Amino acid sequence: MKSRLSLSVNGEAHDVLVPVHKTLLEVLREDLGLIGTKHGCELGECGTCTVLVDGEPVLSCLALPADLGGREILTVEGMAEGGRLHPLQQAFAELGAAQCGYCTPGILVTAKALLAGRPTPTRQEIKEALAGNLCRCTGYTKILDAVELASLRLDHSGLTSPNVGRRRPGEGAPTANETDHSGLTSPNVGRRRPGEGAPTANPT
Amino acid sequence: MMRLPPFTYLAPRTLHAAATALAEHGADAMPVAGGTDLFPNMKRRQFEPKVLVGLRGIRELTGIRGRGREGMTLGAGTTLSAVAAHPEIVAHYGALATAAGLVSSPQLRNMGTLGGNVCVDTRCNYYNQSHEWRKAIGFCMKKDGDICLVAPGSSRCWAVSSSDTAPVLWSLGARVRLVGASGERVVPLEALYRDDGIQYLTKQPGELVADIVLPPADGWTSAYLKLRRRGSFDFPVLGVAVALRMDGDRVGEARIVLGAVASQPRPAPDAAAALAGERLTPELITRVADLAAGPSKPLDNTDFTHPYRKKMTRVFVARALRALAGLPGGGRAAEEVA
């Protein structure tokens, strides 16, 4: 039996007529055409289906849309604003933090939630926040680097500013080697900030 | 692709309405809170309820009340993230915050609830598999079959209690408030469990865990160590919960409860008794750890070999005690073994 549900996804209201046993993941991909959210293990063991509900990362493969009336759902499609990539997306692209890309949407929204609550996380805090997102390609190093880089840029642009994440490369404001695309060879790009403690081992 | 089987979904707003709905639909109905345990099991066709009673809209089930000094009441619908981050729980019931924070992954802890973790289904290598896998190897008695594939001569199911919070709550002396259609009762948490992989809970199917009630934490300290292969996602294949009340430099009272070594959390009363009235010396810790390994009887039905899990019981009990005693060699909260 189908139910009529109202969902708010990426700031848009959607009315859908779906069977109540369809998961949020299935409704996003199959009924709303939002295929940025990826379908992985289906069992809550990989994190690639992560979306934000009222700003918190949750697993869309285990969520029922019937429970989400009045909640704000954010998928990776909702991260860019005005055609401009979110600083996390920009950093992931610049540093090559995606290989096959399948885990990337889940990691991007999870990292977005982290930076919203903790604008300048330590590398250990980033690892902990991303501990529910498996990546089978990168070995995680560049992902952690990219989150650090985005954090630096967001921090320097001021999280309270209405322009968060809107600044274009080279558009004033201090940057952390913004134009250095060599990533790991630079001592600063996506690395620890001064005074942030000893270097940490790679996660794997 | 594994989809959920069809069901009718009810979303009551009160505990009473939920309990009434469960009673009305009897064996056809199941409650669901975070869905992080039930939905994977339903996708694998381990449960096929015709009616699901969703608990997420019930305000009475959420919230953390009280303080460590006078005791606390935790709504069963409180998410594991909220339990792990609550300052009063971190300060006074440290092992509970640790255990809640070690369940699976951050995303799952944002959905999964304390009540759900207390009631989490028992697990087994022969059970937590897809329907096709289980059909190919021959169904076991926990679902669709009539023998135990771990112990084929056994008349019972040996699936493993896999809750992180249950052994900790037991060691802290927690009680649970159960609400059914015809009334409610408060029982010690340990009375909620029995050592059977299928009927591992004593609560009636129509009863809901409403609250977890923690006694005053005055003078108590606690620790929880978890063994699993990876530092995230994995269920415990050994959990060690230790709670101590110190009288000066001597142990006044102690409780040690083991997780994932039986179909229910398993206490180690002889080990705990050996601590009472004693100073926490390295020699005593070694003796208590040996005693605690006695009740640890893991079978070959989870990750890692069962002799290794048994051996690690001794190691983890010693590490937990050293951590509480402030001695070197105390354990980190989660052990990662790769």
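Values computed for the structure shown
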item	result
Some residue of the range B:35-53 being crowded, with 24+ Cβ neighbours inside 10 Å, touching a strand residue (DSSP E or B) at 6+ places or on another chain (Cβ under 7 Å) and within 11 Å of chain A (Cβ to nearest Cβ)	yes
Candidate set from the range B:227-246 (those that are modelled with pLDDT of 95 or more and closer than 18 Å to B:H92 by Cβ); member that is farthest from the other protein chains (Cβ to nearest Cβ)	B:R245
Single residue of B:P215, B:P236 found to be open to solvent by 10 Å² or more (accessible area, probe 1.4 Å) and out of contact with any helix residue (DSSP H, G or I) (no Cβ under 6 Å at 6 or more places or on another chain)	B:P215
Only listed residue being open to solvent by less than 30 Å² (accessible area, probe 1.4 Å) and under 25 Å from B:N128 (Cβ atoms), chosen from A:C46, A:C41	A:C46
Index of the failed condition, B:R177 passing every other in (1) in contact (Cβ under 8 Å) with a residue 12 or more places away in the chain; (2) among the charged types (D, E, K, R); (3) not in a strand (DSSP E or B)	(3)
Residues of the range A:97-156 satisfying the condition of being of a type in the set (K, R) and under 13 Å from the mean Cα position of the chain (by Cα)	A:K112
Residues being of a type outside the set (S, T, N, Q), in contact (Cβ under 8 Å) with a residue 12 or more places away in the chain and assigned to a strand (DSSP E or B) - total across the range A:1-56	14
Qualifying residues in the range A:8-31 (those that are among the hydrophobic types (A, V, I, L, M, F, W, C), farther than 21 Å from B:F39 by Cα and open to solvent by less than 40 Å² (accessible area, probe 1.4 Å)) - the one nearest to the other protein chains (Cβ to nearest Cβ)	A:V16
All positions within the range B:78-96 that are touching a strand residue (DSSP E or B) at 6+ places or on another chain (Cβ under 9 Å), assigned to a helix (DSSP H, G or I) and more than 14 Å from chain A (Cβ to nearest Cβ)	B:V83, B:E88, B:I89, B:H92, B:G94, B:A95, B:L96
Candidates A:A113, A:A129, A:A66 - the one that is within 11 Å of chain B (Cβ to nearest Cβ), under 26 Å from A:T23 (Cβ atoms) and out of contact with any helix residue (DSSP H, G or I) (no Cβ under 8 Å at 6 or more places or on another chain)	A:A66
Scope the range B:186-201; condition of a type outside the set (A, V, I, L, M) and loosely packed, with under 14 Cβ neighbours inside 10 Å; matching residues	B:P188, B:R194, B:Q199
Residues of the range B:9-33 classified as assigned to a strand (DSSP E or B) and either away from chain A (no Cβ under 14 Å) or over 21 Å from B:L61 (Cβ atoms) (or both), total	1
B:R156 being closer than 17 Å to B:T113 by Cα, modelled with pLDDT of 95 or more and open to solvent by 40 Å² or more (accessible area, probe 1.4 Å)	no
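The values are calculated or read from the model by the stated rules, or taken from the named source; none is laboratory data. These figures come from a predicted structure and were not determined experimentally. Every residue, glycine among them, receives a Cβ derived from its backbone with ideal geometry; neighbour counts consider all protein chains shown. Each accessible area value is taken on the protein alone, full model and side chains, heavy atoms only, with ligands, DNA and RNA left out. Shrake-Rupley method; radii C 1.70, N 1.55, O 1.52, S 1.80 Å.
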